[in-house]
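Below: the structure, in structure tokens.
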Amino acid sequence: MTENLHYSKKSIQLDFLRAGAGLACTLLPLALVGPLVWVGWICAALAFIFALYGVRTYYRARTVARLEQDGLYWRDWREKQILWEKLNKLKLRYYSTQRNRENGWFQLQLETDSERIKLDTNLEEFDRILATAFRAAQGHKLSLDTATRENLIALNLMERA
Amino acid sequence: MFGYIVHRLFVMIPTLLVISALVFIIIQLPPGDYLTTMINELRAQGEAGQDKIAFLRKEYGLDQPMVVQYLTWVGLWPTEVNGEYVFNGMLQGYFGYSFAEDKPVADVIGERMFLTFVLNFFTILFIYIVAFPIGVYSAVRQYSVGDYGLTFIGYLGLATPNFLLALILLYVAKSQFGVDVGGLMDEEYIGQPWSIGKAVSVLEHLIVPVIVIGTSGTAAMIRRLRANLLDELHKQYVITAKAKGLPPGKALRKYPLRMSLNPFIADIGNLIPDVVSGSAIVSVVLGLPTTGPMLLNSLINQDIYLAGSFLMFVAFLTVVGMLVSDLALALLDPRIRLGAEASK
């Protein structure tokens, strides 16, 4: 029996906190202290980005994934599926906001001709999904870009040529 | 990537707030302030009574606690203007009052801020345009005569203080060519409104300061690019690519050059404060109407709002530069780099 996978509660709470704090830091000055016009525009643009982030976090909180033998099944605001036999692109990216690039997160992008799913380290069983997707990519002899290869090597999923 | 952008922006907001608080604390740290000095002078002349002192302190907001002064300066605390309480700080475009110049800071800075921006923009452009081809050449032709020659010039550039180079160029230009290279425009354009002639004059006068300020940055960048590119060129994949018959140009451009560009991108943020602080002394030597000499005077005079505004300007540019370089780096090279610290 396959289990439903979700983004971790802690990461969702932190993301909501970021979106809320970002909105507060940008909307409050805009509403209360009457900033200069161009400062106001910057605040409004930042507020819009943080609002979008809040919406994205809401959908991440509702996201349910299932890792099956034949593919990855996904439901956020709509249902999607990546069947391993149709996988034609795998990208693995690493992001960190720290100068020493520690405490970052991986983002995995899986694509077929018709669907695309992006998920990151905060999703339960991320490692298992990545390993399965990589095996499928190897099976199809997909060509991987340099960054993806380096990241897979760092995760011990691939050996340096 | 969207998540990364938001994370990075989220870090930027408290960073700017902390920097602004630190700037304010640092400029307040030396004992006394401009007004105290002024009052002491008035006292010595027997012109200052306690009433006048109290009036001046209230007028300039120096009787308030430091936190209130800071929040007022940033524009997050209302002040009384013509009997009404309004927000009037940096967020509203009011950078405070220059005691030394007896004018609002914005009026004092005026054109200087723009000229500083132009000078630093061209300096950074110069650094990148000159360092890139030389760095690539030095790495590709390692230990050649050209590499040794350029490396020697690079070391000279690194070792020569900017102000010394400025003095030498001033002397050579005057004694050998009879040309005065000081200033940022011909005298007839000083204080005049902007015109094509004035812009051309500024561009002509930019050449010397850009070379002087940019030399050390260029030398450092050449060294870094050369070292990074050499690291990449000695990797297995490049040797394999060459062994399989890939043309040398393509074997260079395809991956090694791209990978070695990281320091170029990562240095956008670091270059700005270096160039701005480096240009301050050069501006004094060359008599450039930039913010550098004014910053120096304001720090000596304890003209807190003027000094604070300059420092905030530099800090803001640095934080924005860091943001741009981080975003570009995340876009171009989203790899995990194990032991990145150790390899620096």
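Structure data summary
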{"quantity": "Mean Kyte hydropathy of 1.0 or more with a Cα span along the axis of at least 24 Å, helices from DSSP in chain B", "calculated": "B:2-28, B:111-140, B:262-286, B:304-332"}
{"quantity": "Where trypsin sites (Lys or Arg not before Pro) fall in DSSP loop in the stretch B:226-296, at most 10 other Cβ within 10 Å", "calculated": "B:K244"}
{"quantity": "Rounded to 10°, Cα long-axis angle of helix A:126-139 versus longest principal axis of chain A", "calculated": "50"}
{"quantity": "Helix-only mean residue ellipticity at 222 nm for chain A, each DSSP H run of n ≥ 4 adding -39500 (n - 2.57), per residue, nearest 500", "calculated": "-15500 deg cm²/dmol"}
{"quantity": "Total formal charge among the other residues, if their Cβ is under 11 angstrom from that of B:M294, Lys/Arg +1 and Asp/Glu -1", "calculated": "-1"}
{"quantity": "Chain A, relative contact order in percent, only Cα pairs under 8 angstrom and at least six apart counted", "calculated": "20"}
{"quantity": "Over 28 Å (Cα to Cα) - which of A:K118/B:K235; A:K80/A:K141; A:K118/B:K250 fall in this group", "calculated": "A:K118/B:K235; A:K118/B:K250"}
{"quantity": "For B:L261, net neighbour charge (Lys/Arg +1, Asp/Glu -1) across residues whose Cβ lies under 12 Å away", "calculated": "0"}
{"quantity": "Per-residue average of Cβ from other chains inside 10 Å of A:140-149", "calculated": "2"}
{"quantity": "Alpha carbon convex hull of chain B, projected area averaged over orientations, nm²", "calculated": "24.6"}
{"quantity": "Net charge contributed by nearby residues that have their C-beta within less than 9 Å of B:V6 (K/R +1, D/E -1)", "calculated": "+2"}
{"quantity": "Per-residue Cβ neighbour rank within 10 angstrom, fewest leading, A:S114, B:S98", "calculated": "A:S114, B:S98"}
{"quantity": "Cross-link partners of A:K9 among aspartates and glutamates (Cα-Cα below 13 Å; sequence separation of 8 or more within a chain)", "calculated": "A:E124"}
{"quantity": "For B:L288, distant residues with modelled amide H under 5 Å away", "calculated": "B:G183"}
{"quantity": "Order of B:S144, B:S325 - criterion: other Cβ atoms within 10 Å of each residue's Cβ, fewest first", "calculated": "B:S144, B:S325"}
{"quantity": "Residue order, fewest to most beta carbons within 10 Å, for A:E159, B:E80, A:E124", "calculated": "A:E159, B:E80, A:E124"}
{"quantity": "Pairwise FRET efficiency - A:N88 versus A:K9, Cβ, R0 = 35 Å, nearest 0.05", "calculated": "0.55"}
{"quantity": "The stretch B:203-344: radius of gyration over Cα atoms, expressed as a fraction of 2.2 N^0.38 Å", "calculated": "1.38"}
{"quantity": "For residues of A:49-62, the mean tally of beta carbons on other chains within 10 Å", "calculated": "2"}
{"quantity": "With 10 Å bins from 0: P(r) over the protein assembly as shown, alpha-carbon pairs, percent", "calculated": "3, 14, 20, 21, 19, 13, 6, 2, 0, 0"}
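Rule-based calculations on the coordinates, nothing more; no lab input. Keep in mind that this is a model prediction, so the values were computed, not measured. Virtual Cβ from ideal backbone geometry, glycine too; neighbours counted across all protein chains shown.
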